[in-house]
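Peer 1: Mind having a look at this structure? Questions to follow.
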């Protein structure tokens, strides 16, 4: 699905969905699985970080997404908007 949505933007090649799929996984985990509001918030946060990262430090833009991903997993493993599982 990531490849189909990204094809008009990036062009087509065999592993075209890999980068988009990785960012999608990060967005869902950061926002919280099972919540549209959390996924929307995660998409906004990761999208802004990725855009600013590509504008200012293009070679390490994905690094910022990984840092937020790790911080959210350490602080709130259920995501920014998610239930705690007992």
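Computed from the coordinates by the stated procedures, all read-outs in this text should not be read as laboratory data. Just so it is clear, the model here is predicted, and its values are computed rather than measured. For neighbour counting, all protein chains shown are included, and Cβ atoms are generated from backbone atoms with ideal geometry for every residue, glycine included.
Peer 1: Report, to the nearest 10°, how far helix 36-56 tilts away from the longest principal axis of the Cα atoms in the chain, using its own Cα long axis and a range of 0 to 90°.
Peer 2: It works out to around 50 degrees.
Peer 1: Tell me the label-point distance for the pair residue 1, residue 59, using the 7 Å Cα-to-Cβ offset, in nm and rounded to one decimal.
Peer 2: 3.6 nm
Peer 1: If you compute volume of the Cα convex hull per residue in Å³ for the structure shown, which of (1) 118; (2) 103; (3) 94 do you land on?
Peer 2: Computing volume of the Cα convex hull per residue in Å³ and matching it to (1) 118; (2) 103; (3) 94 gives (2).
Peer 1: Could you put 49, 21 in order, starting from the residue whose Cβ has the fewest other Cβ atoms within 10 Å?
Peer 2: So the residues, fewest neighbours to most, are 21, 49.
Peer 1: Let me ask something else about it. Using 0.36 nm per residue of separation minus the Cα-Cα distance, give me the extension gain between residue 71 and residue 21 in nm, one decimal.
Peer 2: Going from the current span to full extension adds 16.0 nm.
Peer 1: How much mean residue ellipticity at 222 nm does the chain get from its helices, if each DSSP H run of length 4 or more adds -39500 (n - 2.57) and you divide by all residues, to the nearest 500 deg cm²/dmol?
Peer 2: -23000 deg cm²/dmol
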